[in-house]
Structures are given as structure tokens and as C-alpha cells.
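*Asks:* One structure follows; several queries about it will come next.
The values are calculated or read from the model by the stated rules, or taken from the named source; none is laboratory data. Bear in mind the structure is a predicted one, so any value in this text is a computation, not a measurement. When we count neighbours, we look across all protein chains shown, and the Cβ atoms used for this are built from the backbone with ideal geometry, even at glycine. Protein only, heavy atoms only, side chains kept; ligands, DNA and RNA dropped before computing areas. Shrake-Rupley method; radii C 1.70, N 1.55, O 1.52, S 1.80 Å.
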Number of protein chains: 2
Amino acid sequence: MKIVIVGGVAGGMSAATRMRRLDESAEIVVFERGHYVSFANCGLPYYVGGVITDRAELLLQTPESLGTRFRLDVRVDHEVTGIDRAGQTVSVRNTLTGDERSESYDRLILAAGATTRSAPADSTSAAWGLATHTLRTVDDVDHIDAVLAAAPGSPSAVVIGGGFIGLEAVDNLVRRGVHVTLVQRGPQILTPLDPEMAAPVVADLRAHGVDVRLNTSVVGSDAPADPATSAATGLLLSDGSLVPADLVIDATGVRPDTSLAAAAGLAIGDSGGIWVDETQATSDPHIFAVGDGVEKTDAVGGAGTLVTMAGLANRHGRAAADSIAGRPDAAEPAVGTGIVGVFDLTIAMVGWNEQRLVAAGRAHRVVHTHPSSHAGYFPGAEQMAIKLLIDADTDAILGAQIVGGSGVDKRIDVIATAMAAGLGASALSRLELAYAPQYGSAKDAINQLGYVADNLLHGTSRSVQWHELDAALDAGATLVDVRSPAEFAAGHLPDARNLNLDELRARHGELPAGPLVVHCQVGQRGHTAARLLSQLGHDVRNLDGGYRTWLAGRAAMASTPSSETLSERIPV
Amino acid sequence: MKIVIVGGVAGGMSAATRMRRLDESAEIVVFERGHYVSFANCGLPYYVGGVITDRAELLLQTPESLGTRFRLDVRVDHEVTGIDRAGQTVSVRNTLTGDERSESYDRLILAAGATTRSAPADSTSAAWGLATHTLRTVDDVDHIDAVLAAAPGSPSAVVIGGGFIGLEAVDNLVRRGVHVTLVQRGPQILTPLDPEMAAPVVADLRAHGVDVRLNTSVVGSDAPADPATSAATGLLLSDGSLVPADLVIDATGVRPDTSLAAAAGLAIGDSGGIWVDETQATSDPHIFAVGDGVEKTDAVGGAGTLVTMAGLANRHGRAAADSIAGRPDAAEPAVGTGIVGVFDLTIAMVGWNEQRLVAAGRAHRVVHTHPSSHAGYFPGAEQMAIKLLIDADTDAILGAQIVGGSGVDKRIDVIATAMAAGLGASALSRLELAYAPQYGSAKDAINQLGYVADNLLHGTSRSVQWHELDAALDAGATLVDVRSPAEFAAGHLPDARNLNLDELRARHGELPAGPLVVHCQVGQRGHTAARLLSQLGHDVRNLDGGYRTWLAGRAAMASTPSSETLSERIPV
């Protein structure tokens, strides 16, 4: 059995080494168009930032080490340019010599990953007259490093695109003393989040000196007509401004690299990724595909989707080898767990966001909480914001978003595990999570989500979302802020009247007879107030997530262009 | 409806506040025999250590604050001394005045918690002539604080019992500059762990200067016959030594406080806790019970069990209120997740350990791994040791133990969630856990456990446990260390021959034809070696957890008394 693998990083190399462990007799050839295999692609931004100081740390394996240990025939600087499915051969070009040759296979595994969504960096670079790079390869970071080292004084950079890689680039460039402008075409960075969850991240970026430009795109540079006379110094933005740029990072995102597969007539999914069945086989039973180039099945919607995460690439590479070795292990639908750290924030998400649920017309409930990372009385507790999305019919967890500091990664992993296992949102209340005061709370953030979900499920609570508040007030509801007078004085909702929770029992008669919306800082006292008022005969809802979520929502709307209404961002 | 609650800390106060939110009209009376309610009992050791500096932080609520917000009638310094079930009244004694009175109830909730297992501290204290305290109440820490403040120079303390509270006491006393002796009756601290998982914790305690005495008990003190002539200075131990003690902490453990329930004729479970059904009702439908005094249903074995964790107490307190309000929410069986931090270590566990499985005759598989807390190339990664216990028939997860630094709490929570949801061990490989290099690995520690479990399930790997190695070698197996010669030279197993994994393919012919046991440092290279040799025709097993787990096992056995054989600690 001869197995040829296209691509020697996460998915391809997982397939190769698992294949060898399952079949000592197989011939295994890996072609990698780049110069490195098995490199730490997720570590690249941190090498730019000087967090990872030793370049050798990025290179986890070499063709030699893989040859010695796993008897793999790894050929770097070799690009596979075509597949002859009938003849079961691939055409391969040595990118250093230009030599072309043909290589036969019994089974082929495509693991070429993704490619940049925008025009190739080289061409924009040429047009702009500025050093422009993606942040995807070891060569990329070597080039970026060289540009920064050569830049005079304190250099400036423009990062285009506020997704995961864009934010990691921003963080690490700032860490290195670079002045950074972040250019985002739309009104929001980190589009897997809902707007009120992303807005605090923008505030944090700005607090760290990053010039964040929302609703903005790059339209050109100040490159002179004759580059010989002078050099470009910056990028021209759609808002008319010129921002300095010794360096431009193109982080506008990636799309599956399906060129080989499409040219060979393999099925491509509606999402744009290579179609595979649950054993990672493509529409040709001799060809398998894994990684960022491949379509996954969405765990929430059931349709084809793209999830460009290293974990799935590794997992599916191994699964492809299992399939070829005759012991297929069916892939699970993907929940799409992701995480990114930027400055002091950790931002994580899984599943669908509210905008996507609304667009799909899927009935759902929303919960916002602001729990502590651990017991409040133990030093170092950090507050996080959590948003949980729940199927209104089944109580299934449809998604979650968390923004905070320590403990965010733990909570998203627990929710991702609960989703994968089919636990309902209310069942989160019953999880026995490890508690000592430096690690969590006796009622952990996860349990609290379950309690709120349980109250909504049983009608014990009714809530209003931040983006539904105006409509509720327009319909005649009275807004009651149940925080303390001191909190109220420090800042409050425009139309709120203040009636401290601790006086509510005695003074509720002062409230009008019509519908009420109560709120506190984060939603917890609001819930107690709502329960009390409801039992006293009032028609009452609690503002979900309290003043804090409302503030974040307002900040998000401030960046929404007037041409776009709130209901277009979160259709109500 | 009048509800009387006995006990005003975790379970009792959760019941009281939930009750109020569900029923504004109920009369709710809480009797607490101590002077404080809703205090941070899990934070008490950290106040002793000066980590929590403000004593007010320990007092989360007061009778007044609870009265104002929740209209609770909270009476501290009131001990309930008896229950008249027929008359539906309790007898209550004011511990300050000695006054006795009767209080009627429609529903009674018992949440009195646990009591120390040993003789009351006061009596031992009197016998030893030394300040002896438990670490369970605010009064306890006030007394400990006073003793340490009054002790001359650098004080000494003896902590009796190496469980969760004992270790937290040790950590915090050392933090405060106290010289600490830890006295443990048996051969092992932290008995929820298996011996090879607990041994590294003892090594860490000793590295921090703690005098750990295993297989030792306190037999008395050097108190003079006439206390007027001089004072006691230390405790006499069963090994004949005298250890200095300005302070003695009794952390020998707790047992359910069932005195009220038993006297009233309520059913007591075989575990010694108050029997309740899944709605928290006792054998008297008007009486409910929650918290450390109550028997839970064991999720692994199905029998009654004791789990003294704050999370369950809070959860069940809330559930009792739900039941009384007519919306019962069935309790789930308990997996018993626990965690403790001591110095730089975090130790966590869930479910059953190997010793318990062996004793119950339950067929199981064992996996030891030593993964990194996050990607090895990113600074700050810490190695942890994980032990996973798997049902040999169903692949169900039966338990886990983790010892390490950062990331331990996350992994135990994910495993606890997987257990609660009924995910099999192999399915851990498929979890999509949040990955960026500072948070985890593309193949996370949890995924790795799943991969190993999957290999064992399908017979792709066969392993030998550390305590099975001698028997395998006695039966004629050859032990092959596949680490590098440098690693071998730095320390190796007594009977091992060294043959580097990278030379194994070429030199395997040098190995004898009989059965082989291979091993590396942690088990991963051993797996690759075992797969290779197996395909080359050898009968081979991998030493689970590698040299590191074997070393920990050997250290554990060094503390096993000669009267107790290895097979008694881990019956093979």
C-alpha cells in the first residue's frame, strides 16, 4: 500500500504518523510545498511578539526526524500540481528546481489547508509599495521580523482584519513596541461573537493604544507614481485618512484551498470546502481529505460548514489513516470551539451566535451572565461575560460566547463538552465541577448558567434582551433600576427609576400598575426583584445581563453605521 | 406555609433564599448553632495563611442582610436539639442564654452538615495540653490566629490528617512561616487518589520543608503531670518521636451530623448519612435534608455514598426548596469531583480510584499520561500527571485523578462533565476543546486520553501497569527502554535494556523472541515502539505512564509498611 499525502503540517502529518503506527509496511510519501513541516503555526504570532524567543521552538519536526522515527518519505519544497484519478498518480513540482514528476498512489490524502481570502499578498504589496504579509508560515514571520528590525525608531503597522489571527497580530506587535492600526471592514471585530460581546474587546484594544478603525477598508497607499523618487509611508483608508505603515499584515481571513480537488473533479460542498463523508473519504474512494480545506458537518444546523481549527485537522488526519487502515472511526459533527487571547482578555466561543440563529429563524433563548472566575472572596477573581444560546423547543445548547480573563478557557471547554454530549442547558446546573475558592465557586459560573436556563425553561423568570428594551419601553413598560442609589448615581439607563432591591418589598406600591422591566448591574439582583414583584402581582421581566450587557450593546450600536439598523444586526 | 431550616451555611442558606424567591408568602426561619451564617467556609484556611487578609471577606451575609433582602428570620446562636415529628415542632436552645423554646413547622429542612470524626477538639486539647483546633468555623480561625500571633519566634504546628483540609492547612501555615509536621495514620495522604498519584504530592510537601510522617499517629503529648509546673511543647508520635507543636490542627475528617435525624427516627443510609429520596425528602415527607449530613447516590456504583462538597450542598439546598414549592427537580447521582491546591500543585479527582474498583471486582482499564498544560513551545507549559479509569466492558469513564499545576482544574471539569453526560472514554478524543497555544494543545490532554483509551479498546495497544511490571518480568518478559541513551544514563529501571526508538526498526532483531515490555519517559514513544514491534511480530506491551509513573509507584511503595503487601494496596 502506497499512501501519498499532500500537505505536511497539522492534518497531513497526523495522518502520516498514525498511518505508520497502524501499518509498518506501507509506503508513505508526504509532499509539502513550503520549506517546513509540522511547524507550530499557532505559535507564529507569538514569535513575532517575542513571547517565543527561540525560532527552533517553532519547528517541531524535520523531514529527517520524521524519516528516522516513522520511516516517512517527507519532501518539502514540493508542490502537488495535479491529480490523475484514473491513473492514481499526482504530478509534483520541485519548487526549488522546477522539475516535474509523477508519483503513483494507492490512497491519496489531501491536507493542503486554506489559502488567503484576499488577493495574494505579493500583488497587493506591489500595488501599495509597502511590505505586506500574511501570518501563516515560518517564512512570513521571518519576513515580518526583518521588516520590524529594519524599521527606524518605533515602527507602525496596519493589521487588516479583526479575526483571530488579526487580533493575535495586534497583540504581539504592540508587545514589540509597534504602533498598530487595526482596520475592520464591518462594524464589528471577531464576527463569531454577537455585537455586545465584541464591543468590550474593541474598548480593551483602544485602552492598549491600538487605533481601531471599524467600518473602514484600505483603498490604497501614498505610494508615489514613480517609486524611484520616494517610498510609500502608509495606507489610505476609506474614511479618507492616511495611517502610517512600515508593515501591513493581511489577516482578512482564509478560504479552503480546493484548487487540486476541484481540478480533479472531486465534489466540493456548498460551504466551499472539499466534500468528505464521515470517514474523511472524498467523492473518490481512493482519495481522502482533512483539515482547513475540508467541509465539516455543523453540529447545530446539520449543514456543511467550514471550521478552520487545528484540533479538528489533527483529529481528522488521524481518522483518515484509521479509515485507510480499515478501521474507520466516524467523525462527529463540529461545534466549532475557538479561543483567542489579546492583551489581558481571553475570548472564546462555540456553536452559533444569536445573529445566525435569528437569520435561520431558529427559536432560541438567550442568557447573559457576568460571573467571577473564582470565589469573590479569594484574591485575583476576574469577572467574565458569558452569553449562552439555548434551543427554545428542546433546551439544547446552541452556542456560547465568553469574554474575560482567567477561567474563560475552562468554561468554554465545559460547555463544548456538554454540547458534544447533548446535555441540555438546564442540566449545566447539575454538573459537579471542581471547587476550591482559587479555582471556581460553589455555584460555578457554569452552574449559574444552568440555573438561569432552568428558570427560563420553567417560566420562573422572563427576561428582556438589551436590544429589545426600547421596544418594551415604547410599549409602555416602566424601567426600574434595583441597584443601590450610589450605583444609580454613578451611571444609569436613560429612562430608569431607582428603587433599591432591599426596599422593594416595602415600596413596590409606588410602582405603576402596568408592565415592568427591572434591572441591576449584571442580572442577579434583577432576578430576585422580578421574582418578588411577580409574586406581588406585577407583570415583570428582568433585563438579561443587567446594566453591564446593556452598556456593551450600546457601545456596539455606536459603531453601527446609520445605514444599518439595529434590527439588521440583531433582527428582533 | 412555615419552613424551618436547621443550619445557615451552604445548603441551608441556598434552600432559604431559593424558597423565598419561589414563595414570597412563606414564613422562613433559619436556626444556626454558630454565630455566623453564610460564611466562606472554604476560604477559612486562606485567612489563616494571610491570602485572604480582610476577615470581613469571610462573612458573605449577615442575619440582617438576609432579613432585609429575603425576609428570612435568621437566628444565630440557636441550636435545634430535637424534632417532634408528630407535632411538627422542633426544640430550639439559645446557646447564649440557655433558653429553650419550641418552633412549629410545615416543612423542615435539615442542613446541619458534618461533624469532626475524631473526639471533640476540646477534649483532646485538654488531654494534650496543647491548643488543638479544627478548621471549620470562623471561631476556629480566630482561635488559630490568636495562638500563632502569641507564639514566640517561628512557631510550630502539627496537622493531623492529610486530606483536603489538612493539606490546605499545611500550605497556609507554611505560608505564614510556621514549621509544620503532617501526621498521617496510613501510608498515603489524599486517599481518594491511588498511591502512585499521591506520592509526588508527598515529595512536593517535603520539598517545601514540611515534615511528613506517614504510617504514624499521635499517641499523646509531653504535657507534665502537673500542668502548673510547666506546659506541653509537643506531641508524641507512634514512631516514638516528639514533634514541637504550638498549635495542633485536627483534620482527621468529618462524618455526617445525623444526631437530630437519628433521634427523630428518620432513616439513615448505609453510608451513615441521612437517607433522602431524589427530591431531598427524608423518610418523613415533611422533612427534607441536604448537604454534608446527607447520603448521595454514587454515580459509579449506584449505592449510597458520602460526598462532602460545597457544590452539592448548594445544589441540593436549592432542590429542596424546589420540592417544597411543588416543582421537584430530581437529583443526579454524584460523581464526587474534588480539587485541592497545595503550594505549586493542584490535585483533582472525580469518580472511583483503582483501589476501589479492584476491591469491588469491577473490570476496568487504566491510562496514565503526562501531558502539558498547553503547547510545549509556548512559555509556561507545566506537565501534569493524569490517571483515567475506564469500564472494561462499556468504555464508560469511572474516574480520573490529575496532579499538576495550571490547567488541572480545567481538565477535571471536562472529565466530570463527560462522566455526567455519559460520554465514553474513547469519545474524549473527539471533543473540540478551545485551542490556542497558551491555553491547550491541538491534541489536548483530554483528547490524548481518548486516543489512548481508543487504542486500548480496539486492541491497538496493550499496556502493563507499574504494579504489574514485576510479575510480567518474573514471567519471562524482557524490558526495553526506548528512550535515548542520555535519558537512560540519567536513571533507568533496574532490569531494562536500552534500545532507542529511532534505532528500533533496524535493530529489533537483537531482541529476544519472547514477550517484551517497552517503556519510555511518559508512555508516548513507548506506544510508537509497541506498535512497531507488534507489527514486526513481537509480543509486546507498553508500560503505562512510562518511567515517570513507575518512579511514582516505587515512591509510593517505599512508604507501604512491610506488613502490607503491594497487592493489598493495589490487588493485582
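*Asks:* For B:R117 and A:T62, FRET efficiency with R0 = 60 Å and r from the beta-carbon atoms, rounded to 0.05?
*Replies:* Numbers: r = 59 Å, r/R0 = 0.98.
Computed FRET efficiency for A:T62 and B:R117: 0.55.
*Asks:* Something else: With a 1.4 Å probe and every protein chain left in place, tell me how much accessible area B:T62 has, in Å² to the nearest 10.
*Replies:* Its accessible surface works out to 60 Å², give or take rounding.
*Asks:* A further question on this structure: Of all the Cα-Cα pairs you can form in region B:404-498, what percent are over 20 Å apart? Don't skip to the end; give the middle numbers.
*Replies:* Details: 2546 of 4465 pairs.
Looking at region B:404-498, the distances longer than 20 Å represent 57 percent of pairs.
*Asks:* I would also like to ask the following. With point charges of +1 on the Cβ of Lys and Arg and -1 on the Cβ of Asp and Glu, referenced to the Cα centre of region A:344-457, which listed residue (A:T417, A:H364, A:A427) lies farthest in the positive direction of the dipole?
*Replies:* Toward the positive end, the furthest listed residue is A:H364.
*Asks:* Distances in nm, one decimal, shortest first, from A:D502 to the same residue in every other copy, taking the label point 7 angstrom along Cα→Cβ.
*Replies:* 6.9
*Asks:* Still on this model: Given contacts defined as C-alpha pairs under 8 Å and at least six residues apart, what's the relative contact order of region B:427-483, whole-number percent? Before the final figure, lay out the partial values.
*Replies:* On the way: 27 pairs, mean separation 14.6, N = 57.
This gives 26 percent for region B:427-483.
*Asks:* Highest mean first, what order results for A:526-534, A:470-478 on Cβ atoms within 10 Å? It would help to have the intermediate numbers written out before the result.
*Replies:* On the way: A:526-534: 24.0, A:470-478: 14.0.
Highest-to-lowest ranking by the protection proxy: A:526-534, A:470-478.
*Asks:* Still on this model: State, to one decimal in nm, how far the label point of B:M1 lies from the label point of A:A150, with both points 7 Å from Cα in the Cβ direction.
*Replies:* Rounded to a tenth, the inter-label distance reads 7.7 nm.
*Asks:* Taking each residue in A:405-417, count the Cβ atoms of any other chain within 10 Å of its Cβ, then average. What number comes out?
*Replies:* 6
*Asks:* Measure up A:K296/A:K410; A:K387/B:K2; A:K443/B:K443; A:K296/B:K410; A:K296/B:K296 against 32 Å on the Cα-Cα distance and list the ones that go over.
*Replies:* Those over the limit are A:K387/B:K2; A:K296/B:K296.
*Asks:* Could you work out the local net charge near B:L135, counting Lys and Arg as +1, Asp and Glu as -1, over the other residues with Cβ closer than 10 Å to its Cβ? It would help to have the intermediate numbers written out before the result.
*Replies:* Working: positive: B:R136; negative: B:D140, B:E168, B:D250.
Once all neighbours under 10 Å are counted, the net charge is -2.
*Asks:* On to the next question. For the charge dipole of region B:121-252, defined by +1 on Lys and Arg C-beta atoms and -1 on Asp and Glu C-beta atoms about the Cα centroid, which residue among B:P195, B:N172, B:P155 has the Cα displaced farthest towards the positive pole?
*Replies:* Of B:P195, B:N172, B:P155, it is B:P195.
*Asks:* I need to check one value: relative contact order of chain B, counting alpha carbon pairs closer than 8 Å and at least 6 residues apart, in percent. Show your work: numbers first, answer last.
*Replies:* Values: 1259 pairs, mean separation 65.3, N = 572.
Dividing the mean separation by the residue count of chain B yields 11 percent.
*Asks:* Once the Cβ-Cβ distance between A:R175 and B:D344 is put in as r, and R0 is 30 Å, what FRET efficiency do you end up with, to the nearest 0.05? Don't skip to the end; give the middle numbers.
*Replies:* Working: r = 26 Å, r/R0 = 0.88.
Given R0 = 30 Å and the Cβ-Cβ separation, E is 0.70.
*Asks:* Note down the accessible area of B:W275, probe 1.4 Å, to the nearest 10 Å².
*Replies:* Counting only protein heavy atoms, the figure is 100 Å².
*Asks:* Taking the Cα centre of each part, how many Å lie between region B:515-562 and region A:290-312?
*Replies:* Centre-to-centre (Cα) distance: 37 Å.
*Asks:* Continuing with the same structure: Given the options A:S461, A:G338, A:G186, identify the residue whose Cα lies farthest towards the positive end of the charge dipole of chain A (+1 on Cβ of Lys, Arg; -1 on Cβ of Asp, Glu).
*Replies:* The Cα lying farthest towards the positive end belongs to A:S461.
*Asks:* If we hang a label 7 Å off Cα along the beta carbon direction at A:A558, how far is it from the matching labels on the other copies, in nm, shortest first?
*Replies:* 6.2
*Asks:* Rounded to the nearest whole Å², what accessible area per residue is found for chain A with the 1.4 Å probe? Present the calculation step by step, with values, prior to reporting the outcome.
*Replies:* Details: 20420 Å² over 572 residues.
On a per-residue basis, chain A sits at 36 Å².
*Asks:* Using the alpha-carbon centroid of each, what span in Å lies between region B:179-244 and region A:127-157?
*Replies:* Here the answer is 61 Å between Cα centres.
*Asks:* Go ahead and estimate [θ] at 222 nm for chain A from helices alone: -39,500 (n - 2.57) per DSSP H run with n ≥ 4, summed, over the residue count, rounded to 500. It would help to have the intermediate numbers written out before the result.
*Replies:* Numbers: 18 runs with 172 residues, N = 572.
One gets -8500 deg cm²/dmol as the mean residue ellipticity at 222 nm.
*Asks:* Per-residue mean of other chain beta-carbon atoms within 10 angstrom of the beta-carbon, peptide A:319-330?
*Replies:* 1
*Asks:* Over chain A, what is the percentage of antiparallel beta bridges among all DSSP beta bridges, to the nearest 5? Intermediate results must be reported in sequence, preceding the final value.
*Replies:* On the way: 50 of 93 bridges.
Taking every DSSP beta bridge with both residues in chain A, the antiparallel ones total about 55 percent.
*Asks:* Let me ask another. Set the Förster distance to 25 Å, then compute FRET efficiency between A:T95 and A:A225 from the Cβ-Cβ distance, nearest 0.05.
*Replies:* Details: r = 34 Å, r/R0 = 1.37.
Efficiency for this residue pair is about 0.15.
*Asks:* Take every DSSP beta bridge whose two residues both sit in the protein assembly as shown, then give the antiparallel share in percent to the nearest 5. Numbers along the way, then the final one.
*Replies:* Numbers: 100 of 186 bridges.
Rounded to the nearest five, the antiparallel share is 55 percent.
*Asks:* How big is the dipole moment of region A:344-457 about its Cα centre under a simple scheme where the beta carbon of each Lys and Arg is +1, that of each Asp and Glu is -1, and everything else is neutral? Debye, nearest 20, please. Display every interim value, and only then the final one.
*Replies:* Details: 8 positive and 11 negative charges, 23 e Å.
Dipole of region A:344-457, to the nearest 20 debye: 120 debye.
*Asks:* Looking only at other chains, what is the average number of their beta-carbon atoms within 10 angstrom of each beta-carbon in B:302-309?
*Replies:* Working: counts 0, 0, 0, 0, 0, 1, 0, 5.
If you average over the peptide's residues, the count of other-chain Cβ atoms is 1.
*Asks:* Provide an ascending nm list, one decimal, of label-point separations from A:A207 to the equivalent residue in each further copy; define each label point as 7 Å from Cα along Cα→Cβ.
*Replies:* Sorted ascending, the copy-to-copy spacings read 3.6 nm.
*Asks:* Residue by residue, what Karplus-based ³J(HN,Hα) values in Hz, rounded to whole numbers, does region B:505-519 have, using 6.51, -1.76 and 1.60 with θ = phi - 60° and x for Gly and Pro?
*Replies:* Each residue's phi maps through the Karplus curve to give 4, 7, 10, 4, x, 6, 7, x, 6, x, x, 10, 10, 9, 7 Hz.
*Asks:* When only the heavy atoms of the protein chains count and the probe is 1.4 Å, how do B:R554, B:R93 rank by accessible area, highest first? Display every interim value, and only then the final one.
*Replies:* Details: B:R554 135, B:R93 80 Å².
Ranking B:R554, B:R93 by accessible area, largest first, yields B:R554, B:R93.
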